[in-house]
Amino acid sequence: MKTQTHIHLPLLRDLSIQTSPSPFLSPPTHFSFNISFSRSPGLRTTSLILSLSLSLNTMQRLTILLSLLFLLSTSTTFTRGHNITHILGKHPSFSTFNHYLTLTHLAGEINSRTTITVCAVDNAAMSELLSKHPSIATIKNILSLHVLLDYFGTKKLHQIREGTALAATMFQATGSAPGSTGFVNITDVKGGKVAFGPEDNEGNLDVFYVKSLEEIPYNISVIQISKVLPSDVAAAPTPEPSAMNITDIMSAHGCKVFAGTLIANPEASKTYQDNIDGGLTVFCPLDDPFKAFFPKFKNLTASGKVSFLEFFGVPIYQSLAMLKSNNGIMNTLATDGEKKFDFTVQNDGEDVTLKTRSITAKIVGTLIDEQPLAIYTIDKVLLPKELFKAAPTPAPAPAPEKEVADAPKSSKHKKPSSDVVPSDSPADSPDGDLADQTADDNASVTLYGGRLVAMVLSLCSGLLLL
């Protein structure tokens, strides 16, 4: 009996595993097991093909089945991704461009994306840009205009449909570019040249493709262009961080109630303002959920109100890409010794969620992302466990489980109090959870074999019936 079956699953790396005929099976019995991953360029998907070729009796097939289930029930991690720092590190003439991608945290954002093109300029072009002494925030805007949110390899650049294409950039994605000023026009001009020009450049196409530095098809293309893309919008001076009025920014973009509450509390407002220069990330509840919550806020003590408002600020700059790659517990402006006032950052597909023991909020918008300040909107009001009790559960957890969960809190807590964290709350986080993500961070994907067990069971059950 010989059976061949194909199973397609979404995975992200090329892998091939083969086994030779089993030494435990006597001839002429033959067993082969093959797993291969293949990428479909047109669909930007990857498939797993599992092939079984069996010529076994029932008992032998059962033995193989049990061995296969044991193999697949083990968690296996596959790592994929690209690293722009490493790619440009192979080309010393782009060291300045590479340095500023890291300094502005754009490198981490590039590494977290797929289907992307980086238009790099050499050290001479970067020197001309830096001679104008732009702020680091302005440099970030300019360089983000050089990151196209689509894949353009050499072949595609010279085969652009109808000779021209309009590509969105990372500058457009930040929301800092008004209108369509964050788009770049790519045109295949006469003589085999490819020209680039920002939308706010009045149609001037005076930047040209030079060469390809590296291409990972349909993932990332790194190309050299002749000079920095000219854009008055991207190059516009940005205000000094301390001069930014964060409550004005919030009020103008759907967080007026939270901003007004912050203004009315001078102590909390000063804490926010004092932290901007060193790095600040704010998660601002939208007006509707905060209005609904406001009666509870008014019932807090004076110190509780300060801590609650400070709970929505993090004393470090975190871009959205950094949040996606830095899952875990995050301290806040309200964190003070045993008063943790922390929450958990966790990915939910492409979304980023913030979790306390009773509320899970989702980041739904970006108001500003200009280092060292980032302000995001969230769809719910987070409730710190230090100020709000968790909702009662239908059945209390057994005492031993609660004791185990409480243990990581602190060796100083000998008696449970009304604010003791329940068993479903996160454990303490090491200080490293708040460290900046470096450009060496790669994306990863984990395949848990348990997800395959059901399919393999179905497959092999069919084989046993043959």
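Efficiency by 1/(1 + (r/R0)^6): what FRET value for residue 299 and residue 86, r their Cβ-Cβ distance, R0 = 51 Å, to the nearest 0.05? Display every interim value, and only then the final one.
Details: r = 53 Å, r/R0 = 1.05.
Efficiency for this residue pair is about 0.45.
Based on the Cβ-Cβ distance from residue 216 to residue 358, what FRET efficiency comes out when R0 is 45 Å, to the nearest 0.05? Write down the numbers at each step before the final one.
Working: r = 43 Å, r/R0 = 0.96.
The calculated FRET efficiency here is 0.55.
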*Once phi is turned into θ = phi - 60°, what whole-Hz ³J(HN,Hα) does the Karplus curve with 6.51, -1.76 and 1.60 give for every residue of the stretch 162-175, x standing for Gly and Pro?*
6, x, 8, 8, 10, 10, 6, 10, 5, 5, 5, 5, 6, x
*Return the distance in nm (one decimal) between the two label points of a simple spin-label model at residue 161 and residue 180, each offset 7 Å from Cα along Cα→Cβ.*
1.7
*For residue 168 and residue 204 in the same chain, what is the full-extension length gain: residue separation times 0.36 nm, less their Cα-Cα distance, in nm?*
11.2 nm
*Cα-projected label distance for residue 123 with residue 154, points at 7 Å along beta-carbon direction, nm*: 2.4
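For residue 189 and residue 236, FRET efficiency with R0 = 30 Å and r from the beta-carbon atoms, rounded to 0.05? Before the final figure, lay out the partial values.
Details: r = 28 Å, r/R0 = 0.95.
Computed FRET efficiency for residue 236 and residue 189: 0.60.
None of the figures in this text is laboratory data; all of them are computed from the coordinates on show. This structure is a prediction, so every number in the text was calculated from the model and none was measured. A quick note on method: Cβ atoms are made from the backbone with ideal geometry, for glycine too, and the neighbour counts reach across all protein chains shown.
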